[in-house]
Amino acid sequence: MKKKAFKPVINEPPQSREPIHGRGASWSPANRFEKLHVDLTDDDVVNDNPEAEEKPRPATQYFRDATKTIVARNQSPDVGFETSINPYRGCEHGCIYCFARPTHEYLGFSAGLDFESRIMVKPDAPRLLEAELSSPKWKPQFLMMSGVTDCYQPIERKLKITRGCLQVLAKFRNPVGILTKNRLVTRDIDILSELARHRCAVVNLSVTTLDPKLQQILEPRTSAPAARLEAVAQLRATGIPVGVMVAPVIPGINDHEIPAIVAACANAGAQFAGHVLLRLPWTVAPLFEHWLDEHFPERKAKVLERLRASRGGKLYDSRWRKRQIGEGIFAEQIANIFEVASRRAGFGERPKLSTAAFCRPNEQLKLW
């Protein structure tokens, strides 16, 4: 079936007049499923004194997610895994480019500011995971954490839901992979190193830029680039397989950094790497365009032109095996630069994890 093009229910310009410090998005576009929309970033709606110089910062709200299952499944040939765990829905990291933003619209929220300020948490995730792995129906297999949103976003420091899930995975010795932009992953080195002893753990740090100024506006509540490199070094020092994702690569913004990022990660101890071209599905496109207006207006035309050249004339191409890497001269150039940089760094293949050590602690030993 031919997919429908994104058409907002309400055709509106961004209501925000300036970036919000500490946030990636500065407005909340209309939910594509809702016919009624009020942008809570619009001063005329929420501020009784819109002329005041000091603007109130939007606080993050947390809501309990009463989901009854925790393991998600997919059939995508692009992502490299079939099952994943996401302890949180929405992500306070606030990366403006996040492809997961439109998933918040299924909850009745906006993909904009709502996505990074209204977070659904799954406090029962460890219990649900243990029940899943205890079932005879569970076939030991690779599980990905952060398949959609980051499992080490700021609230994890307090709630420790991800840590609880890792403790369950270590109990069963089920292989797990982690992708994160937060050095908080080093807090769980004790569990990850235990899993690694059984070839059951691999960690990927996403490193988008080495420029802290760019990081603060592109992905505002993530760990600084230097902190991520420190995390790579700490993980590798304890024997945990660790790699990096140079993602997303944004033509005209950070593509020139690829060789430096790869070299810095290799020096920190990374063993392998991957890259992904910027993806702008659904509402992410207008959000990213407005972000360019706010931060790089002089580069906007160049960035969008190169994205369209890599996406068949559109800002996004959802075809499998194309959406991650794109096509055309600019996509090929990015892939070639990344390949050469990786070869110089001595990167190898992603390590293959094993299910051989999987065990169910509650099973009774059979006497023969």
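Annotations
- Checking Arg344 against (1) assigned to a helix (DSSP H, G or I); (2) touching a residue at least 40 places away in the same chain (Cβ under 8 Å); (3) within 14 Å of Asp255 (Cα to Cα), the condition it does not meet: (3)
- Among residues of the stretch 134-158, those that are more than 16 Å from the chain's Cα centre (by Cα) and either in contact (Cβ under 8 Å) with a residue 40 or more places away in the chain or surrounded by 22 or more Cβ atoms within 10 Å (Cβ to Cβ) (or both), counted: 4
- Scanning the stretch 114-153 for residues that are at pLDDT below 95 and hydrophobic (A, V, I, L, M, F, W, C) gives a single hit, Val148.
- Whenever a residue of the stretch 309-321 is hydrophobic (A, V, I, L, M, F, W, C), its partners that are assigned to a loop (DSSP other than H, G, I, E, B), lying with C-beta atoms within less than 9 angstrom and at least six residues away or across chains, give the pairs Ala309/Pro251; Ala309/Gly326; Ala309/Gly328; Leu315/Leu280; Trp320/Ser76; Trp320/Pro77; Trp320/Asp78.
- Counting the residues of the stretch 312-336 that are assigned to a helix (DSSP H, G or I) and either open to solvent by less than 40 Å² (accessible area, probe 1.4 Å) or in contact with a His (Cβ under 9 Å, 6 or more places away or on another chain) (or both) gives 3.
- Failed condition for Glu130, given (1) over 28 Å from Lys352 (Cβ atoms); (2) touching a helix residue (DSSP H, G or I) at 6+ places or on another chain (Cβ under 7 Å); (3) open to solvent by 10 Å² or more (accessible area, probe 1.4 Å); (4) not in a loop (DSSP other than H, G, I, E, B): (1)
- Asp48 modelled with pLDDT under 75, open to solvent by 10 Å² or more (accessible area, probe 1.4 Å) and over 22 Å from Thr283 (Cβ atoms): yes
- Matching residues in the stretch 105-133 - criterion: being in contact (Cβ under 8 Å) with a residue 60 or more places away in the chain and over 22 Å from the mean Cα position of the chain (by Cα): Leu128, Glu132, Leu133
- The lone exception for Val340 - which of (1) open to solvent by less than 40 Å² (accessible area, probe 1.4 Å); (2) at pLDDT 95 or above; (3) closer than 28 Å to Gln271 by Cα it fails: (1)
- All positions within the stretch 104-113 that are part of a helix (DSSP H, G or I) and surrounded by fewer than 24 Cβ atoms within 10 Å (Cβ to Cβ): Glu105, Tyr106, Leu107
- All positions within the stretch 64-103 that are outside any loop (DSSP other than H, G, I, E, B), over 28 Å from His290 (Cα atoms) and either open to solvent by 30 Å² or more (accessible area, probe 1.4 Å) or among the hydrophobic types (A, V, I, L, M, F, W, C) (or both): Arg64, Val71, Ala72, Arg73, Ile85
- Residues being in a helix (DSSP H, G or I), buried (at least 23 other Cβ atoms within 10 Å of the Cβ) and either touching an Asp or Glu at 6+ places or on another chain (Cβ under 8 Å) or β-branched (Val, Ile, Thr) (or both) - total across the stretch 269-296: 1
- Of the residues making up the stretch 238-268, just one is at positive phi and open to solvent by 20 Å² or more (accessible area, probe 1.4 Å), namely Gly239.
- In a residue-by-residue description of the stretch 297-311, the property of being open to solvent by 40 Å² or more (accessible area, probe 1.4 Å) and farther than 24 Å from Pro14 by Cβ applies to at least one position.
- So Thr208, is it of a type in the set (Val, Ile, Thr), part of a loop (DSSP other than H, G, I, E, B) and buried (at least 23 other Cβ atoms within 10 Å of the Cβ): yes
- Val246 meets the conditions (1) in contact with a Phe, Trp or Tyr (Cβ under 7 Å, 6 or more places away or on another chain); (2) farther than 13 Å from Phe338 by Cα in every case but one. The failed one is (2).
The values are calculated or read from the model by the stated rules, or taken from the named source; none is laboratory data. Keep in mind that this is a model prediction, so the values were computed, not measured. Note that each Cβ is placed from the backbone with ideal geometry, even for glycine, and that neighbours are counted across all protein chains shown. Heads up: the accessible areas ignore ligands, DNA and RNA and are worked out on the full protein's heavy atoms, side chains in. Shrake-Rupley method; radii C 1.70, N 1.55, O 1.52, S 1.80 Å.
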